[in-house]
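First the structure, in the form of structure tokens, and then the observations on it.
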Amino acid sequence: STMTKILAATEVTPTTVLFDAESERESVRVSSLIRPLLQSEDQSSGSSILGGFYGTIMGFKRHGMHGDDDLPWPLHLLHILFGYSLVVIPVALFIRYVRQKARDSLSTHESSSLLARAVRAFALGRPEYQLLGGEETKKDESWSPHRVFLLLTMFMGIQLSLVTMGYLQEEVMTTAYQRTDDTEQFDRFGDGQFLIFCNRIVALAVCAVVMAATWRRQPPHVPPFYHHSFSSFSNTMSSWCQYEALKYVSFPTQTICKASKVPATMIMGRIVRKERYTRTEYLCGLGITLGASIFLLSAPSEGGTKEEGSTATTISGIILMVGYLSFDAFTPNWQKVLLDAKPRVSKIQMMLGTNLFSAVLCAVSLWEQGSLSSSFSFVITHNGFAKDAFLLSLSGAVGQVFIYSTIAEFGTITLAVIMTVRQMISIILSTLSYGHPMTPWGAIGFCIAFISIFGDSYRKYYMKK
């Protein structure tokens, strides 16, 4: 009923908005292959639900809103989900068909062709290899010098790769690149989603090289390959919720949410992996959140007070930040489920699956918005952009290797702690570089956070002894 009221208010009929001559020049483009999905069979009885949704979007655009950033966030979200559904629905139907055929042909001879094996691995997995799992070797969780060195290596790898990625991302988004056909003209690139797509493609190339070099040492991939799409979707949606929430939340709300990764990861681990945590572990998680929040809120800003130009927190902002924390906590926990399969899924297999589905989702979204060809055109017609985009994507791919290695070796909570500490270290480095003294509240928050981190580690070490 709400959709009908909006359509009536804009005085636009979905069928004319979608397919008349004017709308075909809009930024939202609909392929002729999916027009039957949007148009109803009986034009006199109105349009389909999808047609009504797209008519609403185009109605907003005709009344002065240009691009998804001008749309209300619920409609922007529906627009994104619509693009993803063009992939998800056919794939889900395909998986259902393959499973039904597998149940119907249990007694018949299965095809051994390469295509048939690939289809079975994608939709059904390889459950026959679960018999090879046997007794899983107990992982060494003691704080031996080798394990401490490995953790420090993961920590430094994540910090350096993410810092490099952030620097290169700012360079790419703020640099004006010279055109190849007109040396007097300089243009800036503004499509962040295309950079994410490039990152996924380079990560896939890295995975392909590593897989080719270690093919004989890779374990059989037991779970259905499409299971990687869940973490891929949640990773994409967490990034969208985070960026969209910045329009609706204040600085203190942003800070507290960014510092709440550890409790959110623990709660999601209880839901997804049935992981049990002690009261002491929950208290340590809350201590890390409290200490990090106090420290980050008390950090000095270079451009004045934090309240200058800040946004008041609204219900929409709270909903989006809850979505960000939920999706962000689900991603590593679901990846941990796959990594703990018997036989274990390797971190390279995990990286390959997640990036493959992310690349598909990004490509479909870029195509549906009509910006895929224009982004490739920018790459070809501007000097230096391809090199910067490649280095940015390579740094992101290296960071993924360290992140997946951390999840596999130390678990999701350790990764959440590392990401929280990373924010605090960046504040400390910024404070030292600009010559700002640390406030008393900042020192208190810093102490609370690190006492919680190392107190829990010492408790586990003492209990083992």
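Can you compute the FRET efficiency between GLU128 and LYS247 using 1/(1 + (r/R0)^6), with r the Cβ-Cβ distance and R0 = 45 Å? Round to the nearest 0.05.
Details: r = 50 Å, r/R0 = 1.12.
E between GLU128 and LYS247, to the nearest 0.05, is 0.35.
If the chain between VAL163 and PHE390 were fully stretched, how many nm would it gain, using 0.36 nm times the residue separation less the Cα-Cα distance?
Details: separation 227, 0.36 × 227 = 81.72 nm, distance 1.60 nm.
Answer, rounded to one decimal: 80.1 nm.
With labels modelled as points extended 7 Å from the Cα through the Cβ direction, what inter-label distance (nm, one decimal) is found for THR175 paired with ARG217?
The two pseudo-label positions are separated by 3.5 nm.
Determine the sum of side-chain charges near GLY317: Lys and Arg each +1, Asp and Glu each -1, restricted to other residues whose C-beta is under 10 angstrom from that of GLY317.
Working: positive: LYS247; negative: GLU244.
Net charge around GLY317: 0.
Keeping every protein chain present and rolling a 1.4 Å probe, give me the accessible area per residue for the stretch 307-445 in Å².
Numbers: 5830 Å² over 139 residues.
I get 42 Å² per residue for the stretch 307-445.
Sorted by mean Cβ packing within 10 Å, highest first, what order do the peptides 180-188, 315-323, 370-378 take? Let's see the in-between values first.
Details: 180-188: 10.4, 315-323: 17.3, 370-378: 14.9.
Descending packing order for the listed peptides: 315-323, 370-378, 180-188.
Tell me, in nm to one decimal, what length is gained between SER373 and LEU81 on full extension, where the rule is 0.36 nm per residue of separation less the Cα-Cα distance? It would help to have the intermediate numbers written out before the result.
On the way: separation 292, 0.36 × 292 = 105.12 nm, distance 2.11 nm.
The SER373-LEU81 span can extend by a further 103.0 nm.
What's the local net charge at THR175, with K and R +1, D and E -1, over the other residues with C-beta under 15 Å away?
Details: positive: ARG179, ARG188, LYS387; negative: GLU170, GLU171, ASP187, ASP191, ASP388.
Taking every Cβ under 15 Å from that of THR175, the sum is -2.
Obtain the nm distance between the two label points defined at GLN100 and LEU115 by a simple spin-label model: each point lies 7 Å from its Cα along the Cα-to-C-beta direction.
2.0
Where a ≥ b ≥ c are the square roots of the eigenvalues of the C-alpha gyration tensor, would you call the stretch 142-267 rounded, which needs a/c under 1.5, or, failing that, prolate if a/b is larger than b/c, or oblate? Before the final figure, lay out each step's value.
Numbers: a/c = 1.71, a/b = 1.25, b/c = 1.36.
Oblate is the answer for the stretch 142-267, as a/c is 1.5 or above yet b/c matches or exceeds a/b.
Convert each backbone phi in the stretch 258-265 into a coupling constant with the Karplus relation 6.51 cos²θ - 1.76 cosθ + 1.60 (shift: θ = phi - 60°), then list the ³J(HN,Hα) values in order as whole Hz, x for Gly and Pro.
Rounded to whole hertz, the list is 5, 8, 9, 5, 5, x, 5, 5.
Report the net charge of residues surrounding CYS207, where surrounding means a beta-carbon distance below 13 angstrom and charges are Lys +1, Arg +1, Asp -1, Glu -1. Present the calculation step by step, with values, prior to reporting the outcome.
Numbers: positive: ARG200, LYS347; negative: none.
Cβ neighbours under 13 Å give a net charge of +2.
The values are calculated or read from the model by the stated rules, or taken from the named source; none is laboratory data. Values in this document were obtained by computation on a predicted structure and should not be read as measured data. Neighbour counts run over all protein chains shown; Cβ positions are idealised from the backbone, glycine included. Calculation scope for accessible area: heavy atoms of the full protein, side chains included, ligands and nucleic acids excluded. Shrake-Rupley method; radii C 1.70, N 1.55, O 1.52, S 1.80 Å.
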